[in-house]
Amino acid sequence: MKALLTAVIFAVSILGSAWGQTAKPTTLADLAKYTGPDRERILYDGARREGKVVWYTSLVPYKEIGKFFESKYPGVTVETYRANAVEIAGRVLTETRSKRYVVDAIETTPGALMIFRDNQLLMPYTSRHLAEYPDGSKEGVSGGLVLWTTDRESYIGVGYNKNGVSTADVPKNFDDLLKPALKGKMGVGDAETEARIVGAMLKAKGESFVRRLKEQDVRLYGVTGPGLNELIVTGEVPLSFAAFSTNIGHSVAKGAPVAWVAMDLAVANAGGAAISARAQRPHAALLLTDFLLSPEGQKMLTEKFRYGSPVKDYGFVRWYPEKGLTTSEYTERQDRWLKLLLEITRR
């Protein structure tokens, strides 16, 4: 009798395990953490029934990315709202207060994602591709789930015009920025994003080093990253230590005489893929997110659009300034970095 009871208990446990593995997800939370081998099929079947995905993103090539996705998954349309992170955060918060749940999937920078995290507006999810991503690129929560995963990066470092700076004078580290030959040749933009390189210098070298840069007559321009890149291309700014690798990469592809190098720390200006906690089209939202994180999606982002990928080793040390901070802590640090940048530059 004891042996029979043991056998029954064992059989029930095996069946229970099997049922758990084959049970089909029904809710957004179930879908988000489902890891069965038929995940993609379930998501695609559901996405075709939903018909579309509403995607809020800061990605510049959003139209081309949407077309890639639609060609891979016919029957699912990408409806996009493209804006910067501040505008996306404002729109989502306004819609939430009005109980208008429009957005399904989000791809933007950590500043906005941290606000959504703090207001519990994101759905924890998994993906069969997550194991390939380093911990620093994931905002993890309990159960092996994430609130967002970095799908693309652009790195802040030295961008220079080859006709304006000799190879011998190109900085290879922060200390090289103090070379006499670079005095009066450097320029930066005045955006908070570019100011994050000051945070990297503070972390690596301290405030006294940063203040010494004032001796180099660094010029401040009222432009953001793309505008600064154009000044480097034309040679008006021979060199900048706040240049984005992606912008320089696009210019190189067009034949511009420019190049980009990393220094002690390369600030990762990252974009993360997330799911709205109130997604009305959950299958399509998860399918799009899985696509961005997949090897195929990463190949598209790196090779066609020249973004960096967190799954690749580029031979330099990446730094994620917002990692481990609360929204208020990060905002305070950004304000400090920008203030210091303004103090060490001249207009």
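Quick note: the coordinates plus some simple rules give every number you see, no bench work behind them. Small disclaimer: the values here were computed from a predicted structure and weren't measured. A quick note on method: Cβ atoms are made from the backbone with ideal geometry, for glycine too, and the neighbour counts reach across all protein chains shown.
Against the longest principal axis of the chain, how steep is helix 327-343, in degrees 0 to 90 to the nearest 10, with axes from Cα atoms? Long axis of 327-343 versus the principal axis of the chain: about 10 degrees.
Only one residue of Phe291, Gly249, Asn229 has its Cα farthest out toward the positive end of the dipole of the stretch 218-333, where Lys and Arg carry +1 and Asp and Glu -1 on Cβ, and that residue is Phe291. Give the calculated FRET efficiency between Ala168 and Thr224 to the nearest 0.05, with a Förster radius of 35 Å applied to their Cβ-Cβ distance. E between Ala168 and Thr224, to the nearest 0.05, is 0.70. Label positions at Ala181 and Lys339, each projected 7 Å from the Cα along the C-beta direction, are separated by 3.7 nm.
Under a model in which nothing but the beta-carbon of Lys, Arg (+1) and Asp, Glu (-1) is charged, the stretch 29-126 shows a dipole of about 140 debye around its Cα centre. By the count of other C-beta atoms within 10 Å, a proxy for reagent exposure, Arg196, Arg211 are ordered fewest to most as Arg211, Arg196.
How much of the DSSP beta bridge set in the stretch 158-288 is antiparallel, as a percent to the nearest 5?
Values: 6 of 10 bridges.
The antiparallel fraction comes to roughly 60 percent.
Of the options [x] 19.7, 68; [y] 23.4, 91; [z] 22.0, 90, only one is Rg and Dmax of the Cα atoms in Å as computed from these coordinates, and that is [y].
Given +1 on the Cβ of Lys and Arg, -1 on the Cβ of Asp and Glu, and no further charges, what dipole in debye does the chain carry about its Cα centre, rounded to the nearest 20? Present the calculation step by step, with values, prior to reporting the outcome.
On the way: 46 positive and 39 negative charges, 42 e Å.
Dipole about the Cα centre, nearest 20: 200 debye.
In the chain, the longest principal axis of the Cα atoms and the axis of helix 282-293 are about 50 degrees apart.
With a 10 Å radius around each residue's Cβ, average the other Cβ atoms per peptide and rank 139-145, 47-53, 281-287, 184-190, highest first. Write out the running numbers ahead of the final one.
Values: 139-145: 13.1, 47-53: 18.1, 281-287: 27.3, 184-190: 20.7.
Highest mean packing first, the order is 281-287, 184-190, 47-53, 139-145.
Within the stretch 63-141, the trypsin sites (Lys or Arg not before Pro) that combine a DSSP coil assignment with at most 11 other C-beta atoms in a 10 angstrom radius are Lys99, Arg100. Among the trypsin sites (Lys or Arg not before Pro) found in the stretch 252-325, those both in a DSSP coil and sparsely packed, with 15 or fewer other Cβ atoms within 10 Å of their Cβ, are Lys254, Lys312, Lys323. Could you work out how far the C-alpha centroid of the stretch 268-347 sits from that of the stretch 125-151, in angstrom? For the stretch 268-347 versus the stretch 125-151, the Cα centre distance is 13 Å.
Computed from phi, the 3J(HN,Hα) profile of the stretch 35-44 under the Karplus parametrisation 6.51, -1.76, 1.60 (θ = phi - 60°) reads 10, x, x, 9, 3, 4, 5, 4, 5, 5 Hz, with x in place of Gly and Pro.
In the chain, the DSSP beta bridges split such that about 60 percent are antiparallel, to the nearest 5. Residues Thr94, Thr193, Thr77, arranged from fewest to most other Cβ atoms within 10 angstrom of their Cβ, appear as Thr94, Thr77, Thr193. Ordering Ser71, Ser154 from the fewest to the most neighbouring beta carbons within 10 Å gives Ser71, Ser154.
Between the Cα long axis of helix 85-97 and the first principal axis of the chain there is an angle of about 40°, rounded to the nearest 10.
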